[in-house]
Amino acid sequence: MASGFEEKVAAVIVAAGRGSRAGAADVPKQYRPVGGETMLRRTLAAFAGAPGIAWLQTVIHADDAALYRAAAEGFDLLPPVSGGATRQASVLAGLEALAAHAPDIVLIHDAARPFASAALIARAIDAARTSGAAIPALAVTDTIKRVAAGGQVGETLDRGQLRAVQTPQAFAYQPLIAAHRKAAREGRADFTDDAALAEWAGLAVATFDGESGNIKITNPEDFMRAEAMQMTQLGDVRIGSGIDVHAFAPGDHVIIGGVRIPHTQALTGHSDADVGLHALTDAVLGALADGDIGAHFPPSDPQWRGASSDRFLKFAVDRVAARGGRIAHLDLTIVCEAPKIGPHRDALRASIARIAGLDIGRVAVKATTSERLGFTGRGEGIAAYATATIRLPWGEI
Ligand code: MG
């Protein structure tokens, strides 16, 4: 930079709301899934992955600590702080928590906008550098009218002067926290966004280009729209298959799909010989066209001897996530005369779903004998066949 001075940028993610308008009162909306991940996790991912942000401060409701831990797992974040009675009070709590770090610039963002792009976040930082206070704005395409309480149209507003305003809103940190503290001292708690508060405090607020995809998820219809956006984006559907076989040896249980099933024999082989998880791992790698389990975890490598096979499936699942994709469905068929798999079907589904980070409704387990034919029919071992359906972003090779 020309000044030779690198501004330190922080972001406050406001996630303390109760979100009653989104329906489903059991979980606040920011912890409901959008495209397979909670809304807050998506929002955190957008900011954690954006260049130039030194500190990420989340403001949560005190009752949501456990939900937050799951949403924030794996991200490098400051410890969350509890919000206040209003959005404004929650933002102030986040700003106060950042005081020890003294950032130069702070972005304030609502957790309910999970689709903010890296380009939008970069524009916000640039605009704060230039203007000291700036907000993303979009031209309004609908005609907007002022309507009286009785439903009577009062006037038609000049659309050319109107803008729909989003977050992240970006500010020089010190003037913004000073304005927030002043508003709190003077009992003003009714500002619906930080720009309104900044305007009240006498700061000049500029605008920069918002993003039509940066929608605020408020109503159940917004969730449906967000899901549709995800499906459109993840439209490159791929299917992979995997097969595995392990032989019986002396023992008293087998492990299939991560579940211990008592039996008169055990399965022998590399790692824990989890024939189900091995077939599923190859199915996921197959859908990615990304080698096979033996290529990633060579049997010659002693570190995998006796290893719990959940790590193999988790590895493949992480490869899907790393390419911006998600798993739509896993389907596993176990072929053996014994033990009986049927009684354990739902335990296997739950176990596989947990390992893969999926809803159990996206995991199928089926079992069959081979009518006493072949090696499975003779009780020499167990075979597993798996299919994985994954969705990748368009533009992938
Ligand atoms: Mg195997």
Search result, residues across the stretch 49-85 that are among the charged types (D, E, K, R), open to solvent by 40 Å² or more (accessible area, probe 1.4 Å) and outside any loop (DSSP other than H, G, I, E, B) | Asp63, Arg69
Among the residues of the stretch 281-295, is there at least one that is surrounded by 14 or more Cβ atoms within 10 Å (Cβ to Cβ), in contact with a Leu (Cβ under 9 Å, 6 or more places away or on another chain) and in the same structural domain as Pro136 (by TED's automatic domain parsing)?
-> no
Scan the stretch 253-270 residue by residue and report those that are within 14 Å of the ligand (Cβ to nearest atom), under 31 Å from the mean Cα position of the chain (by Cα) and open to solvent by less than 30 Å² (accessible area, probe 1.4 Å).
-> Ile256, Gly257
Out of curiosity, is Ser370 loosely packed, with under 15 Cβ neighbours inside 10 Å and hydroxyl-bearing (Ser, Thr, Tyr)?
-> yes
So is Gly242 open to solvent by less than 60 Å² (accessible area, probe 1.4 Å), in a strand (DSSP E or B), of a type outside the set (Val, Ile, Thr) and in contact (Cβ under 8 Å) with a residue 40 or more places away in the chain or not?
-> yes
Taking the residues in the stretch 294-314 that are within 10 Å of the ligand (Cβ to nearest atom) and in contact (Cβ under 8 Å) with a residue 40 or more places away in the chain as candidates, determine which candidate is nearest to the chain's Cα centre (by Cα).
-> Phe312
Only one of Ile327, Ile334 is of a type outside the set (D, E, K, R), closer than 30 Å to Thr232 by Cβ and in contact (Cβ under 8 Å) with a residue 40 or more places away in the chain; which?
-> Ile327
Do any strands (runs of 3 or more DSSP E) lying entirely in the stretch 107-200 carry at least 1 residues that are free of Cβ contacts under 8 Å to residues at least 24 places away in the same chain, and which ones are they?
-> 145-147, 153-156
Kindly list the number of the only condition in (1) of a type in the set (Val, Ile, Thr); (2) away from the ligand (no atom under 16 Å from the Cβ); (3) at pLDDT 95 or above that fails for Thr281.
-> (2)
Looking only at residues in the stretch 115-161 that are of a type in the set (Ser, Thr, Tyr) and over 26 Å from Ala201 (Cα atoms), which one is most open to solvent (accessible area, probe 1.4 Å)?
-> Thr141
Pick from Ala226, Ala195, Ala249: which is open to solvent by less than 30 Å² (accessible area, probe 1.4 Å), over 24 Å from Gly94 (Cβ atoms) and away from the ligand (no atom under 16 Å from the Cβ)?
-> Ala226
Hits in the stretch 218-237 (condition: of a type outside the set (Gly, Ala, Ser) and under 16 Å from Gly395 (Cβ atoms)) | Met229, Gln230, Met231, Thr232, Gln233, Leu234, Asp236, Val237
Single residue of Asp290, Asp331 found to be acidic (Asp, Glu), farther than 13 Å from Ala386 by Cβ and more than 16 Å from the ligand (Cβ to nearest atom) | Asp290
Quick one: in the stretch 229-238, of everything that is surrounded by 14 or more Cβ atoms within 10 Å (Cβ to Cβ) and of a type in the set (A, V, I, L, M, F, W, C), which residue is modelled with the lowest pLDDT?
-> Met229
Scanning the stretch 343-397 residue by residue, the ones that are in a strand (DSSP E or B) and either touching a Pro at 6+ places or on another chain (Cβ under 8 Å) or not aliphatic (A, V, I, L, M) (or both) total 7
Among what's in the stretch 1-48 and is in contact with a Gly (Cβ under 6 Å, 6 or more places away or on another chain) and in a loop (DSSP other than H, G, I, E, B), pick the residue that is modelled with the highest pLDDT.
-> Ala16
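The values are calculated or read from the model by the stated rules, or taken from the named source; none is laboratory data. Since this is a predicted model, take the numbers as computed values, not measurements. Quick reminder, even Gly has a Cβ in these numbers, built from the backbone with ideal geometry, and neighbours come from all protein chains shown. What goes into the accessible areas is simple: the full protein's heavy atoms, side chains included, and nothing from ligands, DNA or RNA. Shrake-Rupley method; radii C 1.70, N 1.55, O 1.52, S 1.80 Å.
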